[in-house]
Amino acid sequence: MAKDFDIKNVRGLSENAVAEKLKNEGYNELPSSKKRSFLNIVIDVVKEPMFLLLVACGLIYFLLGEKQEAMMLLGFVFVIIGITIYQERKTERALEALRDLTSPRALVIRDGEQKRIAGREVVTEDVIVLAEGDRVPADARLIWQTNMNADESLLTGESVPVRKTSTDKASEVTRPGGDDLPFVFSGTLVTSGQGVAVVVSTGVNTEIGKIGKALHQLEPEETPLQVETGKMVKKLAIFGASLCLAVILLYGFTRTTDPKAWLNGFLAGITLAMAMLPEEFPVVLTIFLALGAWRISQKNVLTRRVPAVETLGSATVLCVDKTGTLTQNKMTVAKLFADGEFYDVLKRNPEVPLPEKFHEIVEYSILASQKDPFDPMEKALRAVGDMKLANTEHLHDDWSLIREYPLSDHLLALSHVWKSPDGSDYEIAAKGAPEAIADLCHVSAQKMSEIREQITTLASDGLRVLGVAKAKFRKSQLPEEQHDFVFEFLGLVGFMDPVRSSVPDAIRECYDAGIRVIMITGDYPATACNIARQIGLKPADQFITGAELDSMTDEQLKSRISSVCIFARVVPEQKLRLVKALKEIGEVVAMTGDGVNDAPALKAAHIGIAMGGRGTDVAREASSLVLVDDDFSSIVSAVRMGRRIFDNIKKAMAYIFAIHVPIAGLSLVPVALNWPLILYPVHIVFLELIIDPACSVAFEAEPEEKGTMKRPPRNPSEPLFNAKTLFLSILQGVSVMLFVLGVNYVSRVVFHSDHTEQDARALTFTTLIVANLALIMTNRSWTETIFQSLKKPNKALWAVVAGTFLFLIVVLNTPFLLNLFKLGRLQPVDYLICTGVGFFSILWFEVLKYLKVTK
């Protein structure tokens, strides 16, 4: 290891050099699944039942000698292929965007500055900075490291992490596996320590690229909604096929005078099958969940697992870290304690010199930090040193760092061993949790009691507290453990981390939505309670510490966790126990985390939320969601969006159920009652051209309902359609069917002298189209009337409505299309009748909404 290594001297590549390398070498990524080609999509469409039914209808029309109808239906095949391609590409683009955003990040040095980039943008000769919990983005040679170990099990199958070393010499990369190699490999995990490395291979040239393992792909997952919908589709398909067969037999045996009865029977049966086929259900789920994940990403929350989209709306508890999520993670040194006295840094004039007795604590706290700090607390210490100790002998940029003793699970303190250019002794600086520093200093019980009082004083002001100590060492051989030094306790440093301004409102929104918020922190109870009061967390005076947590039985924890919302002095490993306890009492848990040790809790939670800014790759991989800006209010926005997505799926499904009832009824009733056929395949296709975009575009774009965050979370075990919802949806369809059949009967029987069969069909078809639009309008909201919903913007909806009316007017006024659709020409008064009856058919549902019965 190069002991005089200084990261400030590393320039890295220039942006111009990077651009040239990307052009020549390509991106640092492995071959992923290919995009579906136009031909693949066409083949998939050909396999669809709706396509096969259309082709069957076309063939029957050819056999009947009606070539125009046959060509028209086959022409619709190309329209359906176009719609399918549009839907596929929209979904694919959303998933591609998510795949890019959720790929591992890399910290590189370019033009002398550290910057975090997407892992795929790393190039050879890039200088990468690695720390505990990072996924290595490419094969690289370590030029500096401290206490680094890496898990290479992905490549070697060896579960034990291997120790790393560093080298200044360029050498050929060896195979992974074994200790003391100066190489790190793409996809492996840094389990401890930190280092700086120069990239030697990217993409397919890495070790993992050679064996062809694709690591970061969004695999399609079947969600509970998809399972439930799949069962529903199968049942409807079986029911539709049975009715189709019945219609064919009924038509063939009852219309014996018709020489083409069986062909027409098959035509009627296929028409019914097309009417009954619920092909929109899977389309709705695929598009809504994919676009929902994309919409949530606009709220700075990335979706790594699609099921999280539907689970979000049912979250009952949000467990969040304090630092960086509830607070800004922008530390400032607020107070110092040394030699029995406090010093308020923030309240003093920056130009006033620091009293002499506080010089040493600032000096050694800086020595216990990195020279070029990345940690917010170390940055704050460096800032106060630059401000208060400039031009003094207490800043030591010329000292050499000899050794680091890192934090460990057993001792929450670290030490740096320094040597001055003209000194023979080693100077040791230590900082960490005050109890750990006091333990290193072997203070007496009385002294420890005094220190605890000072800690409580600082913590009660909402400050995070660190202890600082110093030691000297003369022997040439440094000890293995920090405890072997003779430390002197110097004092305490209190850091202030301001609360994010958006958090109090977000907490109130959670409470309104029936969601509990639990704060988990490694800080002291007094600090946590102070922050809780600032953000409005309730109750703010009850807490459980990590030590108390260890002493509790599972039953005791379950009884306390339902009323306590503050957990202080908690270590990451204890989060898993909290998640399990919450799940056992029936809560739907969302848990945030950023470190390697948080991964089990993130995986165990219903919704694991990793920090995007400060989180490790392993935490992101264990999570369902990634919080880009680490802001708590973004989680609340995502919950709001999750509820909106689920609501809109429910609305779209209700509409699908409702509209298929009259279409099926108009196909079945004429056959059963020996009426002239009302609907032919061409009419069904026309209706599908309205239904598909309404489902996949209009309802998906529907804004959230009023009071979305004023109602309790939904029960995740509750089916998409309960009995009441299903009944009301089908009743909507039955109502429309009866009114439309009524129009057909009256025009064909009561006014038979004025209307031909084609006139009656035109009236019926137009009324059905208007009623279809009325169903779309009424299902936009089950709590607001159509007139109230009109105030909500939805450009996609109005595009569907305008397109429908435009095509309908063209069909009703073009002789060729009138003949093709077997329709008569309507009079102006007929348009008024059709519009009135169409909207009147759903009036009763509007009344129920007004009376609040549909809630």
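Give the shape of segment 566-725 as rounded, prolate or oblate, defined through the alpha-carbon gyration tensor: a ≥ b ≥ c are the square roots of its eigenvalues, a/c under 1.5 means rounded, and otherwise the shape is prolate if a/b is larger than b/c and oblate if not. It is prolate, given that a/c is not under 1.5 and a/b is the larger ratio.
With a/c under 1.5 counting as rounded, go ahead and sort segment 489-632 into rounded, prolate or oblate using the C-alpha gyration tensor (a ≥ b ≥ c being the square roots of the eigenvalues; past the cut-off, prolate if a/b is larger than b/c, else oblate). Rounded.
In the full protein context, segment 505-548 carries 37 Å² of accessible surface per residue, based on a 1.4 Å probe and ignoring ligands, DNA and RNA. Each peptide in 625-637, 668-680, 231-243 gets a packing score, the mean of other Cβ atoms within 10 Å over its residues, and the list from highest to lowest is 625-637, 668-680, 231-243. For segment 583-723, the carbon plus sulfur part of the accessible surface works out to 56%, probe radius 1.4 Å.
Residues in segment 598-710 average 22 Å² of solvent-accessible surface per residue, probe 1.4 Å, ligands and nucleic acids excluded.
The distance from the alpha carbon centre of segment 379-451 to that of segment 780-843 is 77 Å, rounded to a whole number. The phi-based Karplus calculation (6.51 cos²θ - 1.76 cosθ + 1.60; θ = phi - 60°) puts the 3J(HN,Hα) values of segment 318-326 at 10, 9, 10, 6, 6, 5, x, 9, 7 Hz, whole numbers, x for Gly and Pro. Quick one: net charge of Met777's neighbours, Cβ under 14 Å, K/R +1, D/E -1? Here the count lands on +2. The relative contact order of segment 289-366 comes to 15 percent, based on Cα pairs under 8 Å that sit 6 or more residues apart.
Accessible area of Arg382 (1.4 Å probe, protein heavy atoms only, ligands and nucleic acids ignored): about 50 Å².
Segment 231-249 and segment 659-723 have Cα centres separated by 17 Å.
Put the Cα centre of segment 494-562 next to the Cα centre of segment 453-492 and the gap is 28 Å. Net charge dipole, segment 322-381: roughly 360 debye, given to the nearest 20, about the Cα centre with Cβ charges of +1 for Lys and Arg and -1 for Asp and Glu. For segment 727-832, the solvent-accessible area of protein heavy atoms averages 44 Å² per residue (probe radius 1.4 Å; ligands and nucleic acids excluded).
Within segment 324-438, what whole-number % of the accessible surface is contributed by carbon and sulfur, with the 1.4 Å probe and all protein chains included in the calculation? Taking all protein chains in place, segment 324-438 shows 50 percent carbon and sulfur surface. If you take all other residues with their beta carbon under 15 Å from the beta carbon of Ser735, and give Lys and Arg +1 and Asp and Glu -1, the sum is 0.
Of the residues Tyr850, Tyr745, Tyr405, Tyr831, ranked by 1.4 Å probe accessible area with the largest first, the sequence reads Tyr850, Tyr745, Tyr831, Tyr405.
The values are calculated or read from the model by the stated rules, or taken from the named source; none is laboratory data. Fair warning: this is a prediction, and the values are worked out from it, not measured in the lab. In this analysis, Cβ positions are derived from the backbone assuming ideal geometry, glycine residues included, and neighbour counts consider all displayed protein chains. Just the protein is used for accessible areas: all its heavy atoms, side chains included, with ligands, DNA and RNA removed. Shrake-Rupley method; radii C 1.70, N 1.55, O 1.52, S 1.80 Å.
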